[in-house]
Structure formats: C-alpha cells, structure tokens
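Participant: Here's a structure for you.
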Amino acid sequence: MHPPARKRLPANALRRVALATDALRAGRAVHLGGAFAMLAAEVLDDAALARMRRERAFLVLTHARARTLKIRLYTPGVVALPLTAGMDAARIRAIADPTADLATPLKGPFEAAREKLPDAFAAAVKLAKLAGLLPAAIVTRVRAGAAEVSVGDILSYEQNAAASLKPVMRARVPLEGAEEAELVAFRADDGAPENIAILIGRPPTPGPVLTRLHSECFTGDLLGSLKCDCGQQLRGALDAISKSGGGVLLYLAQEGRGIGLINKLRAYKLQDQGFDTLEANERLGFEADERLYAIAARILSLLGYKSVRLLTNNPDKVAGLKAAGIAVVERVRHAFPANLHNRVYLKTKAEKAGHLF
C-alpha cells in the first residue's frame, strides 16, 4: 500500500510562497508544482528567457494591462501572448512596464491565446504581485526552478497569512498627540513585514471601537509627500482617536493600495505623464485598489474587537471589513484640506472611486 499523502500545512505553504517570491525577485525561475515554470517579466534577461523557450512559452498579463495594449480579452482573469521570435527580454520588459510606453510606443498588434488557460497562468501573475513586481510573467512547461510552489499555495496565500498572524511584542510608546499609546506587532508565518496595531487610551472591548485602517505610505507618512493625504490622515487619526478617549489604529503593510513602493513610484511617474491615480494603476496592470482586509480583521479579532466605528472616506473599506467578519456600526468622516499637489488626486478618488469627503 502507498502511504497516505502528507497534508500541505498552511505554514509550509506560506514559506514556499516566500521562497518563490525571493527567487522571482532575483530573476530565477520558479516551478509551479505541476508541469509549469515561470519567470517574472520585470527582471527577465535573455539567458533565462532562452531556457524557458525550450518549450512553448507565453507572456501572461492582467486584463488591466491588456486593455491598455488593446489586446482582446479571450480568457478570464489574464491573457497569454505566445512568445514570437522577435520578443527578446528587453521587448518583453517594455510590454510589461507602462513607464516605457513613451520610449517604445510601437507595440503589437498582439494575438492572445483563445484556449482555456491552466490555473498556473493566473497564479504566476499573482505570485509576481506578491513579490512586489510588475504583474507580468513568462510561463512555460519547463519542469525546473530555483524554488517550488503550488498553484494552491499561491491562491490560498492571503487566507493562510491572515490565519497565521500572531502578536510577537507589545510596548508602551507615547506619541505626539496620543501619549497614552501601546504598540502591538503582529507577524505571519511567511516572514513578510509586520503589521502594527496602535492602541490609544482605553478602547472598549469587544467594541464598537473607533478604528482607523491605515495603509503604510513611505512617501506620505515619513517624507511628508504632498502628492497624497496619507500623512495628514495618519496624524489626524491618532489625534482624533486620542481625543475620543480611545481606539485602535492598524498600520498595515499595504504600500500603494497594495501594489508596493516601487510600483507606487511607477504610478507617480505615469501621473506626471497625465494619467490619474486610478488610470496609472490600470496601466501598470493592477486593479484600482489591491488591498484585502482579512489581515485587518484577524488583528482586530486577536485584540478582542468584534465591531468598529471606522474612520474612513472609502466605502470599499467598510464593505471589505464587513466581508472579513468585523461589524462596522458607523463610518466616521476623515477628510483633510487639499493642496496644490494632491487636489486632482483627491478629486479622482471622489469622482471615480466613490470616496466620501
């Protein structure tokens, strides 16, 4: 008799995803468990591409990027472009990266595959996103790779990461405008950056507690960038929660609405070319907002909170947190004056994303 198959534990699945994203960022191929392997288009070179061309290979893009390139969407989720002889690494990188569109305007026409795509194709693009790279991948049937990860590991990543979160340290840290504050750091089993809960005053348990979900913003929070209102929202939330008598601010590792710092800087470059913040994300191949709320809900649950009064202008945050299992009993307005540099940004969020200022 054959021994029973060993169950793939969530912790092991998270570590496989972490090793795979490290390999992708270093320009190495990743074996997607079954018959497929992938490379990230952003860091592709001709030597690695030549190894992938031993079998029929495809450049896989999101629908958002495909629409920008006027590619017909025959397949759900992603499109697959068969690699032609003239598609070297530099050309593939230019197809994937919209910041190169002005320098290399003559792309296409492209003919996407029409047959049903294996799940590995969509998983490959998602893995590139998880690595903080452009959402574009080379996929082929070569059975090789510096790391191995299954399609299931990739598709269940957010669920497994949220389930594995645990508090690792808490300490009192007096803050400007919120002297009675305690920071609690939460870590998942994938080794990704920690998420931080800032407990201010004496927040009521199990709630409803005044809460702000704040996605980290290096440029706005730390450098004081005027292109967004993130720094104002962060410090304003700390002040508002403190004055209310207590609450929670979750500082979440979701830079750039979930696309990462480098891709956010790419979006800024596209904005300088005349595209608004949502158009820039789509040209990059992302959704307007890539954030998920399972991690925020898990942290609130671990802290003992079941319901919140949510400080936000974004109705999608309300819906997302509710869907993740936290009751939102009230949306509390959280708006700040515009400046010369972020006026269009805020107008776009109001008119196109439905933010309520």
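The values are calculated or read from the model by the stated rules, or taken from the named source; none is laboratory data. Keep in mind that this is a model prediction, so the values were computed, not measured. Heads up, the Cβs are rebuilt from the backbone with ideal geometry, glycines too, and the neighbour counts pull from every protein chain shown.
Participant: Exactly one of (1) out of contact with any Asp or Glu (no Cβ under 7 Å at 6 or more places or on another chain); (2) more than 30 Å from Leu165 (Cβ to Cβ) is unmet by Gly77. Its number?
Facilitator: (2)
Participant: In addition: Can we say Lys70 is surrounded by fewer than 17 Cβ atoms within 10 Å (Cβ to Cβ) and within 25 Å of the chain's Cα centre (by Cα)? Working first, answer last.
Facilitator: On the way: surrounded by fewer than 17 Cβ atoms within 10 Å (Cβ to Cβ): yes; within 25 Å of the chain's Cα centre (by Cα): yes.
Criteria met by Lys70.
Participant: Additional query: Consider segment 85-111. How many of its residues are in a loop (DSSP other than H, G, I, E, B), free of Cβ contacts under 8 Å to residues at least 24 places away in the same chain and either of a type outside the set (Gly, Ala, Ser) or crowded, with 16+ Cβ neighbours inside 10 Å (or both)? I'd like the intermediate steps shown before the answer.
Facilitator: Step one: list which residues in segment 85-111 are in a loop (DSSP other than H, G, I, E, B), which gives 85-88, 97, 101-111.
Those still in the list that are free of Cβ contacts under 8 Å to residues at least 24 places away in the same chain too: 85-86, 103-106.
Checking the rest, the ones that are also either of a type outside the set (Gly, Ala, Ser) or crowded, with 16+ Cβ neighbours inside 10 Å (or both) come to 104-106.
Of the residues in segment 85-111, 3 are in a loop (DSSP other than H, G, I, E, B), free of Cβ contacts under 8 Å to residues at least 24 places away in the same chain and either of a type outside the set (Gly, Ala, Ser) or crowded, with 16+ Cβ neighbours inside 10 Å (or both).
Participant: What number goes with the only condition from (1) at pLDDT 95 or above; (2) in the same structural domain as Tyr345 (by TED's automatic domain parsing); (3) among the hydrophobic types (A, V, I, L, M, F, W, C) that Ala267 does not pass?
Facilitator: (2)
Participant: Can you name the residue in segment 257-279 that is free of Cβ contacts under 8 Å to residues at least 40 places away in the same chain and small (Gly, Ala, Ser) and, of all such residues, is farthest from Ile196 (Cα to Cα)?
Facilitator: Among those that are free of Cβ contacts under 8 Å to residues at least 40 places away in the same chain and small (Gly, Ala, Ser), it is Gly274.
Participant: Next up: Any idea which of Leu222, Leu210, Leu270, Leu238 is surrounded by fewer than 20 Cβ atoms within 10 Å (Cβ to Cβ) and aliphatic (A, V, I, L, M)?
Facilitator: On the way: Leu210 fails: surrounded by fewer than 20 Cβ atoms within 10 Å (Cβ to Cβ); Leu270 fails: surrounded by fewer than 20 Cβ atoms within 10 Å (Cβ to Cβ); Leu238 fails: surrounded by fewer than 20 Cβ atoms within 10 Å (Cβ to Cβ).
Among Leu222, Leu210, Leu270, Leu238, only Leu222 is surrounded by fewer than 20 Cβ atoms within 10 Å (Cβ to Cβ) and aliphatic (A, V, I, L, M).
Participant: Still on this structure, please answer the following. Those residues that are surrounded by fewer than 22 Cβ atoms within 10 Å (Cβ to Cβ) and touching a Gly at 6+ places or on another chain (Cβ under 8 Å), I need them from segment 134-151; list them, please.
Facilitator: Scanning segment 134-151 gives Glu148, Ser150, Val151.
Participant: Here is a follow-up. Restricting the first residue to segment 173-189 and requiring it to be surrounded by 14 or more Cβ atoms within 10 Å (Cβ to Cβ), which pairs with a second residue that is assigned to a loop (DSSP other than H, G, I, E, B) and hydrophobic (A, V, I, L, M, F, W, C) meet a Cβ separation below 9 Å and a spacing of at least six or different chains?
Facilitator: Cβ pairs passing all conditions: Ala181/Val173; Glu182/Val173; Leu183/Val173; Val184/Leu303; Phe186/Leu165; Arg187/Leu165; Ala188/Leu165; Asp189/Leu165.
Participant: Looking at (1) crowded, with 17+ Cβ neighbours inside 10 Å; (2) of a type outside the set (Ser, Thr, Tyr); (3) farther than 22 Å from Ile326 by Cβ, which one does Ile262 not meet, given that it meets all the others?
Facilitator: (1)
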